[in-house]
Amino acid sequence: MDTKGGRFTLDINGRTYSGRGKATIESSTISRENGANMDGTGYSTVKPKLAKLDLTFDRGVGLEWDEAMILADIDVTFVETDLKPKVTHLFTAASWSGTPSIDSETGEVSGLSIETDKYRQV
């Protein structure tokens, strides 16, 4: 059995959805940019940002992409099942970002990110 990617659980409006998915995880809550001053010396700036989970999964999970679903606060658990020991990522009181896109050939839902200021790795 292929164990790449991981398993996710979405808690939305009191209902739980789960399945297998592929994720890109941005756990840092800061972003650093570097540049050069006019005299050639370097500088760095640091900006706050939300932790982010880019998640793609099968539309068979059963989500209905209506306004209530997109606007709801969600709790997301993503477990990297291919690692030993498994790594769990918690995105609490999170919000959707983006627009859901469904590939009719593969059934893959993409185009969405989950963002929060309440991220933990356990």
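Quick note: the coordinates plus some simple rules give every number you see, no bench work behind them. A quick note: this is a predicted structure, and the numbers were derived from the prediction, not measured. All Cβ positions, glycine included, derive from the backbone under ideal geometry; neighbour counts span all protein chains shown.
For residue 47, go through the aspartates and glutamates and keep the ones whose alpha-carbon is under 19 Å away, minus same-chain ones fewer than eight residues off.
26, 33, 115, 117
Loop-only trypsin sites (Lys or Arg not before Pro) in segment 4-56, please: DSSP not H, G, I, E or B, and at most 13 other Cβ atoms within 10 Å.
Here the trypsin sites (Lys or Arg not before Pro) that fit, given the DSSP loop and packing criteria, are 4, 49.
For segment 6-121, just say rounded, prolate or oblate: build the C-alpha gyration tensor, square-root its eigenvalues into a ≥ b ≥ c, call rounded for a/c under 1.5, and beyond that prolate if a/b exceeds b/c, oblate if not.
It comes out prolate by the Cα gyration axes.
Name the chymotrypsin sites (Phe, Trp or Tyr not before Pro) in segment 39-93 that are in a loop by DSSP and that have at most 16 other C-beta atoms within 10 Å, would you?
65
How charged is the neighbourhood of residue 103? Take every other residue with its Cβ under 12 Å from the Cβ of residue 103, and add Lys/Arg as +1 and Asp/Glu as -1.
Net local charge, residue 103 excluded: -2.
From Cα pairs below 8 angstrom and at least 6 apart in sequence, can you work out the relative contact order of the chain, rounded to a whole percent?
It comes to 27 percent, rounded to a whole number.
About its Cα centre, how strong a charge dipole does the chain have in debye, to the nearest 20, once Lys and Arg get +1 and Asp and Glu get -1 at the Cβ?
Charge dipole, the chain, about its Cα centre: 540 debye, nearest 20.
Quick check: residue separation of residue 101 and residue 66 times 0.36 nm, minus the Cα distance between them. What number comes out in nm?
Once the chain is fully extended between residue 101 and residue 66, it gains 11.3 nm.
Whole-Hz Karplus ³J(HN,Hα) for segment 8-17, in order, using 6.51 cos²θ - 1.76 cosθ + 1.60 and θ = phi - 60°, x for Gly and Pro?
Once θ is set to phi - 60°, the couplings for segment 8-17 become 10, 10, 10, 10, 10, 6, x, 10, 10, 10 Hz.
Tell me the mean residue ellipticity at 222 nm calculated for the chain from its helices only (DSSP H runs of n ≥ 4, each -39500 (n - 2.57), averaged over every residue, nearest 500).
Value at 222 nm, helices only: -1000 deg cm²/dmol.
Pull up all non-local amide H partners of residue 19: gap of 5 or more, or a different chain, and H-to-H distance under 5 Å with H placed in the peptide plane.
8
What is the spin-label model distance, in nm, from residue 12 to residue 28 if the labels are put 7 Å beyond Cα along the C-beta direction?
Once both label points are built, they end up 3.0 nm from each other.
At most 14 other Cβ atoms within 10 Å plus a DSSP loop assignment makes a site exposed; report the longest stretch of the chain without any exposed GluC sites (Glu not before Pro).
After excluding every exposed loop site, the longest remaining stretch is 1-63.
In segment 72-122, which trypsin sites (Lys or Arg not before Pro) fall in coil by DSSP and have 15 or fewer other Cβ atoms within 10 Å?
Details: sites: 86, 118, 120; in loops: 86.
Those that pass, being in a loop and sparsely packed, are 86.
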